[in-house]
Amino acid sequence: DKPDMVLLVSVNPGFGGQQFIPAMLAKLAAARTLIDTSGQPIRLEIDGGVTTANIGAIARAGANTFVAGSAIFGAGDYAAAIAGLRAELAKR
């Protein structure tokens, strides 16, 4: 009942621009189950490899907070990159 947020890192730590590790979807789902069972308002954050191509699956697995550094800062238009991520989330 103490944490406000649980962070799962979905790449090998060290540098930006890595691809999301697909096996993290199962870990996200397991963490979401534990959080939901606790009854506490704990955020579940994912950091690493989040893109418009996978943010929907990541959200469906249970994440509700996302770090998308390279997906945003590697894009020419930050606002368009953020809008694209939000649009994908709205589809789920």
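So what is the 222 nm mean residue ellipticity for the chain from helices alone, if each DSSP H run of at least 4 adds -39500 (n - 2.57) and you divide by all residues, rounding to the nearest 500 deg cm²/dmol?
On the way: 4 runs with 41 residues, N = 92.
Taken over the chain, the calculation gives -13000 deg cm²/dmol.
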Principal axis dimensions, segment 44-86 - Cα atoms, whole angstrom, descending: 29, 15, 13
Between helix 78-91 and the chain: long-axis angle, C-alpha atoms, 0 to 90°, nearest 10: 50
Amide proton proximity set for L44, modelled H, under 5 Å, gap of 5+: V6, N64, T65
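Could you work out the local net charge near I42, counting Lys and Arg as +1, Asp and Glu as -1, over the other residues with Cβ closer than 13 Å to its Cβ?
Computed value for this residue: -1.
Could you rank R92, R32, R43 by how accessible they are, 1.4 Å probe, largest area first? Numbers along the way, then the final one.
Working: R92 155, R32 40, R43 100 Å².
Sorted descending by solvent-accessible area, the residues read R92, R43, R32.
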Given charges at beta-carbon only (K, R positive; D, E negative), |dipole| of the chain in Debye: 220
Whole-Å distance, taken between Cα centres, linking segment 70-86 and segment 1-69: 19
Between helix 24-38 and the chain: long-axis angle, C-alpha atoms, 0 to 90°, nearest 10: 40
Pair Q18, L89: separation of 7 Å Cα→Cβ label points (nm): 2.3
Isotropically averaged projected area of the chain, using the convex hull of Cα atoms (one quarter of hull area), nm²: 6.1
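Heavy atoms only, probe 1.4 angstrom, no DNA, RNA or ligands counted: give me E88, E45 ranked by accessible area, highest first.
So, going from the largest accessible area down, we get E88, E45.
The values are calculated or read from the model by the stated rules, or taken from the named source; none is laboratory data. These numbers were taken from a predicted model, which means no experiment stands behind them. Here Cβ is always computed from backbone atoms with ideal geometry, including for glycine, and neighbour counts include all displayed protein chains. What goes into the accessible areas is simple: the full protein's heavy atoms, side chains included, and nothing from ligands, DNA or RNA. Shrake-Rupley method; radii C 1.70, N 1.55, O 1.52, S 1.80 Å.
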